[in-house]
Structure formats: structure tokens, C-alpha cells
Amino acid sequence: MAEDALAGLKPEGLWRHFADIARLPRCSKNEERIREHLVMFARERGLECHVDGAGNVVIRKPAHPLHRGRPGVVVQGHLDMVCEKNQGTPHDFAKDPIALALDGEWLHARGTTLGADNGIAVAAALALLSDDSIEHPPLEALFTVDEESGLIGATRLDPGMIRGRTLLNLDSEEEGIFYVGCAGGQNTEGWLPVQREHAQGGVAVTIAIKGLRGGHSGSEIHEGRGNAVALGVRFLWRAAAKAGLRLYDLSGGGLHNAIPREFFAKTIVPRDRVSLLTQMAGELERDFKLELDDLEPALSLSVAPNGEKPEKVISEGSMRRLLDALYAIPHGVTAMSRRMPGLVETSTNFAAVHLEGEELHLLTSQRSTHPSSRDDLADRIQAIVRSAGGRTLSSGIYPSWPPDPDSSLVRICREVYRRRTDKEPQVTAIHAGLECGVIGEKLPGIEMISFGPDIRGAHTPEERVNVASTERFFAFLLEVLRSL
Ligand SMILES: [Zn+2]
């Protein structure tokens, strides 16, 4: 059935390999079957093949006779795919083939992710390796594992396996856009001590911020959407003294890479100040809406009695120290790139706060194309937490890929693109991690670029790849290989 959907599509070799791998299970961390397929593929053709300790595969092919003696080129993509399906789709990713379907110019899967991210790279590399008429320098096809759960395969790549110092990453999703850099990042967590004491009389109320849009802290941080945690802390910091608040619970946000959408604070308020607190909430809600303009139309800041009778609340001194520290934690873009207009250079996401027993846990996430700027922001957050008597931990560190839009590789790709299309490609970088950042750190001096065909809806069952765009992408790849 899969072959039927792809019958007659060009380039024929690429789509044949795409159909082959669509039959092989390859959710992240479960790449054994497709790895076996690659090893067999290399063996059948007498190509040199290596697998490293992480399960990454490299297959080498000598240069085409016309290109002998040229420096080697690495073509790279990841083997794993995000396995998502629509509710009610009876698909078992561990054994069922992806059901391919063609809808006009777009290839998609029935009810599941398609795996064009990054099956297109795998299929393109296999098409290159299996066609001896294609002109190319010495070629290494690098297939990494476990990209989608955090660049794990690339992080554990054995760099001794790679000889080439020019790398074409085929894991981009917009034709005509070349990625030449990415941010590095890290998470900074903090734990602030809190002292509790017996609660005095008053009304227990929940302060809630809801209705925010959230979003991805890499790709959407520059929009300036509201951060529920930052806004909630700002309200508490203002209202605490005036309304005589006594906090007993606090929570907001979640994942390090998500802009928080909701925030809840539970407090005891003297009975005669509940209306003052409600009035302050109304005023600040108006301010927030004015500041955020049309970005957050559904934002709400509410105050409501919750009927609880907590035994303990945070002591007043402890609460003040806590709120001072939380209010000082930065959020958002701190620098834009000067070399690449529109690119966020450095940012931090105040991702979560949770009161857990005698400590408040906070999570933040920094990104930057400059490792030093990332460290600077992380250090500042650590300084804030420590000055309030807390402790910190850094985790999830990944390297950046500093953009060089004028490298010889980028110049060649630009020229080829212009020649083929009469158009100027967009050369840009991304404010998120890519495998190139990790690989570049392991192979100093390597020149890299990332490009691919038009893919939409990646990581969702709406994922689809444009067939005509894929044909152009492959022809472009061949011409780049001829030109290197
Ligand atoms: Zn990908």
C-alpha cells in the first residue's frame, strides 16, 4: 500500500527508500530495526559502515571518479521520529508500518506522524549511497539516534567516527531557508528556604492568573507573551504588604521550555482586606492587559475565597525575602542579534515555581548563541537565589552553533540556490538547540549548514511533506555535492 501512494514520484530512489523506512519502527530510543536496515544496506553494497556506542551509524562511500581527492562531506539526519497519533487511530508504532497517503502535492500519514522529520534525510542519504552515477566527494552519511528527546544521539556521538569537516544537516523544514546557527542553553533551578508558622485568623483565598497563551520558550519568546509566573509574582510583591497577605501555597508553570500559562497562590487575608485585594487584582489585570496589548486577550487575574483552613503559613520575613528574590528573576529576551536581524540572541524563561514543604523550587531556562551570555544570565539567577539563602543547580546544558553566514560552505549553497531558482535564500539561525551545535562542539572547525524540503505540522499527526519541494531539495543537494 505504501508503494502505491508513492508510485511515480520523483526522485524515485528517495521515495523508494522513504517507503522502505516507513515500514520500520523508529520512535525515539527504539531505533534498532532501522539501524539493522542500514547495516544490511551497507553490507549488501560493500560500503564501510560503523556503529558507535550510542547507536549512531555512519556509512562511507568513496568519491565519484570525477571528484577524487576532494575533502570529504558529511550528510546528516536523525533516525528517530516523534510518534504521535490521533485519538482512536489503532496504530501500534512498535510494529505497524506508517500508512502513507498522498493528498495533492502533500504526502502525509493516516492518523499518525509521518516521520518526514527526519525520514526525508535518511531516504535522501540512502538514495545518494545507492546511486553510483551521482557525482560527489568522499561521502559520509551520518545517521544519529534519539534526536527528538533532547539531541541524545548527537551528544553521545563518537567523533572519531567522522572524517569530513563539511556537514550538510538535512533536518530543516522550510525550502529556501538555510540555518547556519543555533542557540545553546541550560536550565537553572533554585531552591529557596521558607519558614512556616501557625496561621492566624483570616480568609483563605486563591489568587489565580489564567488564560495566557504560553508557547515555546525558544521559538516564541520574542513575541513578548505574558508569563503567568512573572505576572503572578509581580502581583504578590505589590499586594503582600498592603493587603496583609500570608502565603501558604504557590505554584505555576511546568516544563523548562514552555512559557507558563497559569499561576496560583493561596494566601490568608484579613477579612477586612479581601475587597482591597480584589480591587488591586482588578487594577493590575487592567495594567497587564494594557501592557500586553492584543497578545493576551484572555488573561485573567482573579481573587476568590477557597474555603480552606491551612494550619501553617509562611512567616512574614520569609515571605518578603522569597517575593523579593522571585520578583528579581528575569524573564524574556535580553539581547537581539546584530548580525542577523530578527534573531533572538539571548533569552531566559522563568518556567516554574512550586512550593514544596519547607522550600520553594524554581525552574528557569537560558538560551543564547554566545555561551558566555547564557552563563552570565544563569549566574545572575544563581546570585539572586543565593542572596536569598537558597541553593542552585545547573542542568541540561547544550552547546550553541555560532552562526557564520559568510563561511565558504554557506557561500557555495547560496550560489547554487541562486543559480537554480533565481532567488536569494534566507540565511538565518534558530533560538533553540540543533544537532549541529552538539556535533560542532565535538568536531572543532567543521563547517555546517542545515536545509530541507517543506514539511508542515512536524511532531503532530498533521505532519506532511511537499513532494515537489522534496524533488527540488534533492536536486539542490546533488548540485551542492557536485560543487564542494
Ligand atoms: Zn528533526
For the pair D131 and R386, the simple spin-label estimate (label points 7 Å beyond Cα toward Cβ) gives in nm 5.8 nm
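Please give the length that would be gained between N306 and R419 if that part of the chain were fully extended, namely 0.36 nm times their separation in residues minus their C-alpha to C-alpha distance (nm, one decimal).
Values: separation 113, 0.36 × 113 = 40.68 nm, distance 6.71 nm.
Working it through step by step, the gained length comes to 34.0 nm.
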Scanning the chain, every Cys lacking a C-beta partner under 4.7 angstrom -> C49, C182, C413, C436
Taking Cα pairs closer than 8 Å and at least 6 residues apart, the relative contact order of the chain in percent is 23 percent
Sequence-distant residues sharing a close amide H with S172 (under 5 Å, placed H):
F451, G452
For the range 1-140, what is the relative contact order in percent, using Cα pairs closer than 8 Å and at least 6 residues apart in sequence?
36 percent
Using alpha-carbon positions, what is the distance between the centroids of the range 21-36 and the range 395-438, in Å?
28 Å
Could you pull out the trypsin sites (Lys or Arg not before Pro) across the range 7-93 that fall in loop regions by DSSP (anything but H, G, I, E, B) with no more than 10 other Cβ atoms inside 10 Å?
R68
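Among DSSP beta bridges lying fully in the chain, give the percent that are antiparallel, nearest 5. Numbers along the way, then the final one.
Working: 77 of 95 bridges.
Bridges in the chain that DSSP calls antiparallel: roughly 80 percent.
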Quick check for you: which residues of the range 376-419 have the amide N under 16 Å from the point 7 Å beyond the Cα of R320 toward its beta carbon?
388-389
Tell me the label-point distance for the pair A328, D96, using the 7 Å Cα-to-Cβ offset, in nm and rounded to one decimal.
5.5 nm
If I compute solvent accessible area with a 1.4 Å probe over the protein chains, what percent of it on the chain is carbon and sulfur?
49 percent
Through the Karplus equation 6.51 cos²θ - 1.76 cosθ + 1.60, θ set to phi - 60°, convert the phi angles of the range 49-62 into ³J(HN,Hα) values in whole Hz; use x for Gly and Pro.
9, 10, 10, 8, x, 7, x, 5, 10, 10, 10, 9, 9, x
All-pairs alpha carbon distance profile, the range 212-264, 5 Å steps from 0, percent:
4, 20, 26, 20, 13, 10, 6, 1
For a 30 Å ceiling on Cα separation, which of these pairs sit above it: K29/K266; K10/K85; K85/K423; K29/K210; K61/K423; K289/K309?
K29/K266; K85/K423; K29/K210; K61/K423; K289/K309
Is the C-alpha gyration tensor of the range 250-307 telling us rounded, prolate or oblate? Criteria: a/c under 1.5 is rounded; beyond that, a/b larger than b/c is prolate, otherwise oblate.
oblate
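Find, among the trypsin sites (Lys or Arg not before Pro) in the range 274-370, those assigned to loop by DSSP (not H, G, I, E, B) with at most 16 other beta-carbon atoms within 10 angstrom. Mind dumping the intermediate values first?
Values: sites: R286, K289, K312, R320, R321, R338, R339, R367; in loops: R338, R339.
Here the sparse-neighbourhood loop sites are R338, R339.
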In nanometres, the difference between 0.36 nm per residue of separation and the alpha-carbon distance of E291 and D406 is 37.5 nm
May I have the extent of the alpha carbons of the range 185-398 along their three principal axes, as whole Å values ordered from largest to smallest?
58, 38, 23
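Using a Förster distance of 51 Å, how high is the FRET efficiency between D272 and D375, based on the Cβ-Cβ distance and rounded to 0.05? The partial results should precede the final answer.
Values: r = 49 Å, r/R0 = 0.95.
Working from the Cβ atoms, E equals 0.55.
May I ask you to give the solvent-accessible area per residue for the range 185-398, in square angstrom, as obtained with a 1.4 angstrom probe? The partial results should precede the final answer.
On the way: 9720 Å² over 214 residues.
Per-residue accessible area for the range 185-398 comes out at 45 Å².
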Between V39 and A468, with labels modelled 7 Å along Cα→Cβ, what's the label distance in nm to one decimal, could you check?
4.3 nm
Backbone HN-Hα couplings from phi across the range 90-104 [Karplus 6.51/-1.76/1.60, Hz, Gly and Pro as x]
x, 10, 10, 4, 6, 9, 7, x, 5, 8, 7, 8, 9, 10, x
Could you state the number of Å between the C-alpha centres of the range 272-299 and the range 62-87?
52 Å
Residue by residue through the range 205-219, which ³J(HN,Hα) values in whole Hz follow from phi under the Karplus form 6.51 cos²θ - 1.76 cosθ + 1.60 (θ = phi - 60°), with glycine and proline marked x?
10, 9, 9, 10, 10, 9, x, 7, 7, x, x, 8, 6, x, 7
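Extension gain L393-R163, at 0.36 nm per residue separation less the Cα-Cα distance, in nm? Intermediate values should be presented prior to the final figure.
Numbers: separation 230, 0.36 × 230 = 82.80 nm, distance 3.63 nm.
Net length gain for the segment: 79.2 nm.
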When the scattering of the chain is computed by the Debye formula from its Cα atoms alone, each counted once and equally, what is log10 I(q)/I(0) at q = 0.05, 0.11 Å⁻¹?
-0.24, -0.93
Sorted by chain and then number, the residues having a modelled amide H within less than 5 Å of the amide H of T166, at least 5 places away or on another chain, are V74, E447
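The values are calculated or read from the model by the stated rules, or taken from the named source; none is laboratory data. Since the model is a prediction, treat every value here as computed from it, not as a measurement. Neighbour counts run over all protein chains shown; Cβ positions are idealised from the backbone, glycine included. Note: accessible area is taken over every heavy atom of the protein model, side chains too, but ligands, DNA and RNA are not part of it. Shrake-Rupley method; radii C 1.70, N 1.55, O 1.52, S 1.80 Å.
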